[in-house]
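Colleague: For reference, the structure I am asking about is given below.
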Amino acid sequence: MTRYPAACLAGLLALLPVACSPKQAAAPDASAAVSSLPDCAGLKDADLDAGGRADCREAIPDDSGLVAEFRFGETANGQTPATIGILSPDGTLLQTISATIEAAYGLPQFQDLDEDGRADLMVPLMTGNVNTAYAVWQAADGDTPYIEAGELSGVEIGYAGDGLISATGRSSANSWETGYYIFDGEKLAQVAGTRTVLYEDGTEACTAFDAGGLDAIGLTLEEAQQKFCTPAEDSD
């Protein structure tokens, strides 16, 4: 598990936001299959709007051969409608995903959250200081490439080993919380978590808790404390 450095965390001020995904604004059209959108990787700062976004396309970073096209509507009342088109290798539009971005910066991103070989889709919805809430769409087999799985929020989200997904977020000036999740069928489910406090003398106190899923991953609370709160030994 990647631990968020205490020295970096101590200087960040934030309250963990309540994620939401309002749907009032109309999403832009993404019905065209093959387009002339630029490659997202080739975008320069001058190409991006105030939210760090621009219409673009990218190859999804796995072996599926799929392509994603991102389109953004005009921001109104602080809300930016977004459409993600998922295309087959031959340019056929397979799926259209709509979202409303309220106060988040940057493009949607693909990350293999559970290391099953397929890149999952994370759409930033809202940022409260350092914590960003993402709508998570799990990569799936079949005619629909992605299934809406829920939301994750934090400053650091990724694979934590043993089939677990970790999401670390600030909860106060000197404390943070990490949630541990699994894909339970088509939905994200939190199974455990930790709360960490950084004291003025530089020491940390980490406490693990059961989020209702320790039995599902075969751990007792004592074992979770050992697993999630014991720093990994430095390698030579």
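Colleague: Checking the conditions here, which among TYR146, TYR159 is open to solvent by 30 Å² or more (accessible area, probe 1.4 Å), within 17 Å of PHE183 (Cα to Cα) and at pLDDT 95 or above? Outline the logic, then answer.
Modeller: On the way: TYR146 fails: open to solvent by 30 Å² or more (accessible area, probe 1.4 Å).
Of the residues listed, the single one that is open to solvent by 30 Å² or more (accessible area, probe 1.4 Å), within 17 Å of PHE183 (Cα to Cα) and at pLDDT 95 or above is TYR159.
Colleague: If you don't mind, there's one more thing I want to ask. Where residues in the stretch 75-112 are outside any strand (DSSP E or B), free of Cβ contacts under 8 Å to residues at least 60 places away in the same chain and within 23 Å of ASP63 (Cα to Cα), which of them is farthest from the chain's Cα centre (by Cα)?
Modeller: Going residue by residue through the stretch 75-112, those that are outside any strand (DSSP E or B) are 75, 77-78, 88-92, 102, 104-108, 112.
Still in the running and free of Cβ contacts under 8 Å to residues at least 60 places away in the same chain: 75, 77-78, 88-92, 104-106, 108, 112.
Checking the rest, the ones that are also within 23 Å of ASP63 (Cα to Cα) come to 88-92, 108, 112.
Working: SER88: 23, PRO89: 25, ASP90: 28, GLY91: 26, THR92: 26, PRO108: 9, ASP112: 10 Å.
So the residue we want is ASP90.
Colleague: Could you tell me how many of the residues in the stretch 177-236 are more than 19 Å from LEU113 (Cα to Cα), open to solvent by 90 Å² or more (accessible area, probe 1.4 Å) and assigned to a strand (DSSP E or B)?
Modeller: Matching residues across the stretch 177-236 total 1.
Colleague: Scan the stretch 61-71 and give yes if some residue there is without any contact (Cβ under 8 Å) to a residue 40 or more places away in the chain, on the phi > 0 side of the Ramachandran plot and assigned to a loop (DSSP other than H, G, I, E, B), otherwise no.
Modeller: Just the residues of the stretch 61-71 that are without any contact (Cβ under 8 Å) to a residue 40 or more places away in the chain, to begin with: 65, 67, 69-70.
Now drop any that are not on the phi > 0 side of the Ramachandran plot, which leaves 65.
Remaining after also requiring assigned to a loop (DSSP other than H, G, I, E, B): 65.
Yes, the stretch 61-71 has at least one match.
Colleague: In a strand (DSSP E or B), open to solvent by 30 Å² or more (accessible area, probe 1.4 Å), closer than 19 Å to ALA99 by Cα and not charged (D, E, K, R) - does that describe any residue in the stretch 164-175?
Modeller: Kept after step one, since they are in a strand (DSSP E or B), are these residues of the stretch 164-175: 164-172, 175.
Next, from what is left, pick out any that are open to solvent by 30 Å² or more (accessible area, probe 1.4 Å): 171-172.
Within this subset, residues satisfying the condition of being closer than 19 Å to ALA99 by Cα are none.
No, every residue in the stretch 164-175 fails to be in a strand (DSSP E or B), open to solvent by 30 Å² or more (accessible area, probe 1.4 Å), closer than 19 Å to ALA99 by Cα and not charged (D, E, K, R).
Colleague: Check whether at least one residue in the stretch 11-32 is modelled with pLDDT of 95 or more and more than 19 Å from the chain's Cα centre (by Cα), and report yes or no.
Modeller: Our first condition is that a residue be modelled with pLDDT of 95 or more; within the stretch 11-32, this holds for none.
No - not one qualifying residue is present in the stretch 11-32.
The values are calculated or read from the model by the stated rules, or taken from the named source; none is laboratory data. Bear in mind that the values here come from a model prediction, so they are computed numbers and not experimental data. Ideal geometry is used to build each Cβ from the backbone, glycine not excepted, and the neighbour counts take in all protein chains shown. These area figures cover heavy atoms from the full protein model, side chains too; ligands, DNA and RNA do not enter into them. Shrake-Rupley method; radii C 1.70, N 1.55, O 1.52, S 1.80 Å.
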